[in-house]
Amino acid sequence: WVLYSAQIAGADIGQADATRFSSRVAVSPYAQAVPNDSYTFIGVSHPSLDSALTQIGVVLEAVGMATSAGTQSSRSAVFTVDAGQTHRVFIVNASNSTINDQNSSFTDSRTHLITTSNSAQFGSIKLTTVSERPSLAPGSRNVTVNSVNKFDNLAQLSIWGIVYIESSGTGFAMEFIGDMQDSTLGGNLPNGVGSDSADVANSTNFARPARGIN
C-alpha cells in the first residue's frame, strides 16, 4: 500500500482500501509517457447510478513509472468524484510543453497531472477506492437511503482512457477491468457467490455487494 495525506469528503485519508476486495480495485494493463511522442489520458466519471453514493474517493496510481519528483506517492492522484462529475488524469512527461501546471487548461480541481521523468516510461494503472468509513469491512460500507443500498466502490464509476500519440493524433483505447462495465455477475447464482462482505451471501437479499445498478 501507498500511504497518502489528503482530504476526501471532509475526512482524513490514511491509505487506500485493501485490494483483496474486487469491488474496490480496477486495473488497466498498459500505460506510457514518452517525450515528444505520447502520453496517457484517463477519465473517471460518476454517472450517478441508483446504487451509488454521491461522493466516491479514488486513488489512481501509475504503476512502474518513474516520476519527476522521484517519490512513491507522486505516482498517484487522490481525488473525490461527485455525482455527475468527470475527473481527468494526465500521465505525461515533465517536459511536455502543453500539458503542465503552467497551463490554466490543466489546473482546475477536476484535472490531475502525474508527471513522469523525462525519459520513456511504461507501466500500468491501478485504481483503488478511499472510503469515508474505513473502520468497516469493505463489503459492509453501504448506506441505505430510502430503502436503497448505496455503495462507494469502483463498480459505481465509469473509467476510460487512451494512450495518445501526439504526432499522428491517434492512439489506442485502454480497458479498465473492475469498473461499472465489469461489475455484473450474470445468471442465477447460489448463495455465497460474489460476496465480499462475509462468508455467506444471500442472493435473495440484494444484488452482489459492489454491483452498479441504475
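Computed from the coordinates by the stated procedures, all read-outs in this text should not be read as laboratory data. Predicted, not measured: the structure shown is a model, and the values here were computed from it. As a convention, Cβ positions derive from the backbone with ideal geometry for all residues, glycine included, and neighbour counts pool all protein chains shown.
Points worth noting:
- Here the spin labels are modelled as points 7 Å beyond Cα on the Cα-Cβ line, and at V145 and S48 they lie 1.0 nm apart.
- Residues F90, F122, F106 arranged by fewest to most Cβ contacts within 10 Å: F122, F106, F90
- Packing, as the average of other Cβ atoms within 10 Å across residues, places the peptides 77-86, 154-163 in the order 154-163, 77-86, highest first.
- Residues whose amide H comes within less than 5 Å of that of T111, counting only those at least five positions distant or on another chain, are R88 (H built at 1.01 Å from N in the peptide plane).
- Per-residue extension of 0.36 nm, minus the Cα-Cα distance of A66 and A120, leaves a gain of 18.5 nm for this segment.
- N103 long-range amide H proximity, modeled H, under 5 Å: none
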